[in-house]
Amino acid sequence: MSKPSIGLLIAAGIGLGGLGFVVLLVLMILLRTGSAATIEITAVYTVIPAPTSTTLPDAFQAPTATSTIDPLLNPTGIRLGEYVQVYGTGGEGLRLRTKPGTRSAVMFLAMEEEVFQVLDGPVPADGYVWWYLQAPYDKNRSGWAAADFLKIVELTPQP
């Protein structure tokens, strides 16, 4: 028995490779599903609207107690027990802090137009007058805020 020549082996390899390629093409054509599959990706997100400046329910009406606060310290007219709204931040929000002053830790960021009840203050610190605020819907959402970014919420009497 004689040995096959190198040329014959190369030709057989090329022939088998070509045959394999043709079989692969035929399988791809037979298994094709008509059109290319498209994957559609949809982003899912939740929009949480910021609180609005609407009239508050009866449960949130301000107490009738009056406080005696130095008008020089309180040019805004804010009083204990009143409701105030964050404004003038340009949509940036207002940092509520653990203590009065710009160097104390930030508790959270109150959004523009968010409403809070005034529970303590005024306290002057770092060039601002500070008030202790609490959200009427969440007692954990409370802290000290600068009066420059607060306005009094005018409550309308309910009939």
Options PHE116, PHE108, PHE149, PHE60; residue that is surrounded by 14 or more Cβ atoms within 10 Å (Cβ to Cβ) and at pLDDT below 90: PHE60
Test: residue in the stretch 120-127 that is without any contact (Cβ under 8 Å) to a residue 24 or more places away in the chain and aliphatic (A, V, I, L, M): yes
Of all residues making up the stretch 14-57, the number that are over 30 Å from TYR137 (Cβ atoms), modelled with pLDDT under 70 and of a type in the set (Phe, Trp, Tyr): 0
Filter pass, VAL123 being closer than 17 Å to GLY77 by Cβ, in contact with a helix residue (DSSP H, G or I) (Cβ under 6 Å, 6 or more places away or on another chain), in a strand (DSSP E or B) and not charged (D, E, K, R): no
Any hit, the stretch 85-104, residues being at pLDDT 90 or above, touching a helix residue (DSSP H, G or I) at 6+ places or on another chain (Cβ under 8 Å) and farther than 17 Å from ASP148 by Cβ: no
When residues of the stretch 133-146 are limited to those that are in contact (Cβ under 8 Å) with a residue 24 or more places away in the chain and of a type outside the set (Gly, Ala, Ser), the one surrounded by the most Cβ atoms within 10 Å (Cβ to Cβ): LEU133
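Inside the stretch 119-132, can you point out the residues that are surrounded by fewer than 19 Cβ atoms within 10 Å (Cβ to Cβ) and small (Gly, Ala, Ser)? It would help to see each step written out before you state the result.
Let us first name the residues in the stretch 119-132 that are surrounded by fewer than 19 Cβ atoms within 10 Å (Cβ to Cβ), namely 119-120, 123-128.
Scanning the stretch 119-132 gives ALA125, GLY127.
The values are calculated or read from the model by the stated rules, or taken from the named source; none is laboratory data. Please read these numbers as outputs of a predicted model, since none were measured by experiment. Here the Cβ is made from the backbone with ideal geometry for all residues, glycine too, and neighbour counts use every protein chain on show.
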